[in-house]
Amino acid sequence: MSNRTLKYEIPVATEFTLHLKKGSRILKLAVVNEKAYIWAVVPQDTPLRPVNFRVLMTGEEFELPSTYQYIDSFILCYGEFVGHLWVDTSDPVPVSGEYQG
């Protein structure tokens, strides 16, 4: 099965959904020109499915379902905003090579 590494912009929102192909694996989160992105290895021969994400701010009180997995933190606005990205793994989207499926 062939794969591609693709980049997805993280929208300015506390909750959002990206459509990723089944079996995608998140590799990295980084900020480029004051925009946050994730990169993922994406299989080319699998169907798209919605994947839910949540961004939490430093100091924010929260409760997340146990299916949410931490991805990474990112800094925007020259340090004024620090976000912490979480992904809903109820339909697994592995982080950093953890998925074997």
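The values are calculated or read from the model by the stated rules, or taken from the named source; none is laboratory data. Small disclaimer: the values here were computed from a predicted structure and weren't measured. Glycine also receives a Cβ, built like all others from the backbone with ideal geometry; neighbour counts cover every protein chain displayed. Remember, those area values only see protein heavy atoms, side chains included, never the ligands or the DNA or RNA. Shrake-Rupley method; radii C 1.70, N 1.55, O 1.52, S 1.80 Å.
What the table below lists for this structure:
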{"item": "Carbon and sulfur %, accessible surface of the chain computed with the full protein complex present, 1.4 Å", "result": "51"}
{"item": "Relative contact order, percent, the chain [alpha-carbon distance under 8 Å, six or more residues apart]", "result": "30"}
{"item": "5 angstrom amide H check on ILE10, placed H, neighbours 5+ away", "result": "ALA36, TYR37, ILE38"}
{"item": "Percent antiparallel among DSSP beta bridges (both partners in the chain, rounded to 5)", "result": "95"}
{"item": "Under-5 Å amide H pairs with TYR68, H placed in peptide plane, nonlocal only", "result": "THR89"}
{"item": "Chymotrypsin sites (Phe, Trp or Tyr not before Pro) within region 1-95: DSSP coil, no more than 15 neighbouring Cβ in 10 Å", "result": "PHE62"}
{"item": "Average accessible surface area per residue within the chain, 1.4 Å rolling probe, Å²", "result": "62"}
{"item": "Pairs of Cα atoms farther than 19 Å apart, the chain, %", "result": "40"}
{"item": "Estimated dipole of the chain in Debye, rounded to 20 [Cβ of Lys and Arg +1, of Asp and Glu -1, Cα centre]", "result": "580"}
{"item": "Total formal charge among the other residues, if their Cβ is under 15 angstrom from that of LEU64, Lys/Arg +1 and Asp/Glu -1", "result": "-4"}
